[in-house]
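First up is the structure itself, then whatever we jot down about it.
Derivation of every value follows stated rules applied to the coordinates shown; laboratory data play no part. The structure displayed is predicted, hence computed values, not measured ones. Quick reminder, even Gly has a Cβ in these numbers, built from the backbone with ideal geometry, and neighbours come from all protein chains shown.
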Amino acid sequence: MPQAIGFDIYGTLVDPLEMNEHLRPLAADKADRLSELWRQKQIEYTFRKALMRRYENFGICTRQALEFAAASLGVELSEEDKNSLLEEYQNLRPFPDVLPGLERLRAQDHTLVTFSNGVEAAARVLLERAGILPHLSGVISVDDVESFKPDPVVYAYLARRLDRPAEEVWLVSSNPFDVIGAKSAGLKAAWVKRRPDAVFDPWGIEPDVTVNNLEELAERIS
């Protein structure tokens, strides 16, 4: 039976850690650690701002996280450097399984949308450049409700936008906090285990499906 499926973007469809290659000319041997810390603080800032009800959009969180990570590692970035890096963030490439996986899922008549912390306009640019946008029926952003994952409000918004009861909506993510958030809000959820050493949080809330890639998801969710 065709399903309504919302895909996380960052870490699930594209890899933010590939920014290390753009950081290397600026940070040399600190590039890998800077890329990891940038991503870590980006997620942390969304959590904190949502909890405090002091919403600022994902682009602002991403810039602030970059500034923190660079300062923490003693890497000097000019405003031009930061702007250039943030522009490259719009050019993240899809994981190799993403386009064939989405094509298979679409052929099965599922409704496919992205559901991201990212602002819709920025997400659309990234998805178009990555070749993902033509496979989608929509691009949905938490920015519309001014909160971030895993606030239950955002998952309710996803179900509302898809015009389905929560229990008939799937969330697909590589981020355990996102999967647990979706399950806690009554959605079905698939965890994409992007790294062999990835560990799922032992909270007693498990994904409905665990897969290594989207091609496997197409087999499991049909």
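Sparsely packed loop sites in the range 164-214 (the chymotrypsin sites (Phe, Trp or Tyr not before Pro) outside DSSP H, G, I, E and B with at most 14 other Cβ atoms within 10 Å) comprise Phe200, Trp203.
Sites listed here are GluC sites (Glu not before Pro) in the range 21-114 whose DSSP assignment is loop and whose Cβ has at most 11 other Cβ atoms within 10 Å: Glu76. Relative to its Kirkwood radius, the Cα radius of gyration of the chain gives an Rg/Rh of 0.96. The value of relative contact order for the chain, using C-alpha pairs under 8 Å at least six residues apart, is 25 percent.
Against the chain, whose longest principal axis is taken from its Cα atoms, helix 31-52 shows a tilt of about 60°. Using Cα centres only, tell me the gap between the range 29-50 and the range 70-93 in whole Å. The two parts, judged by their Cα centres, are 12 Å apart. The long axis of helix 120-129 is offset from the longest Cα principal axis of the chain by roughly 90 degrees. Under 5 Å from the amide H of Thr12 lie the amide H atoms of Ser174, each residue being 5 or more positions distant or on a separate chain, with H modelled from the backbone and absent for Pro and chain starts.
For the chain, the longest principal axis of the C-alpha atoms and the axis of helix 98-107 are separated by about 20°.
Over the C-alpha atoms of the range 16-91, the Rg to Rh ratio, Rh being the Kirkwood estimate, stands at 0.97.
Free of any trypsin sites (Lys or Arg not before Pro) that DSSP assigns to a loop and that have at most 12 other C-beta atoms within 10 Å, the longest stretch within the chain is 55-222.
The relative contact order of the range 130-222 comes to 20 percent, based on Cα pairs under 8 Å that sit 6 or more residues apart. If contacts are Cα pairs under 8 angstrom and at least 6 residues apart, what is the relative contact order of the range 16-91 in percent? Relative contact order comes out at 34 percent.
For the range 60-156, applying the loop criterion from DSSP together with a ceiling of 12 other beta carbons within 10 Å to the chymotrypsin sites (Phe, Trp or Tyr not before Pro) yields no site.
A viscosity of 1.002 mPa s and a temperature of 20 °C, combined with the Kirkwood radius over Cα pairs in Stokes-Einstein, give a translational diffusion coefficient for the range 68-115 of 153 µm²/s.
What value does the range 124-173 have for Rg/Rh, both radii from Cα atoms and Rh as Kirkwood defines it?
Radius of gyration relative to Kirkwood radius: 0.99.
Partners of Lys30 within straight-line reach, counting lysines whose Cα lies under 19 Å from its Cα and excluding those fewer than 8 residues away in the same chain: Lys41, Lys82. What the phi angles of the range 182-191 give under the Karplus curve with 6.51, -1.76 and 1.60, with θ = phi - 60°, is a coupling list of 5, 4, 5, 8, x, 7, 7, 8, 10, 9 Hz, glycine and proline written as x. Figure legend: label point modelled 7 angstrom from the Cα of Val153 along Cα→Cβ; residues of the range 175-212 with amide N under 16 Å from it are 185.
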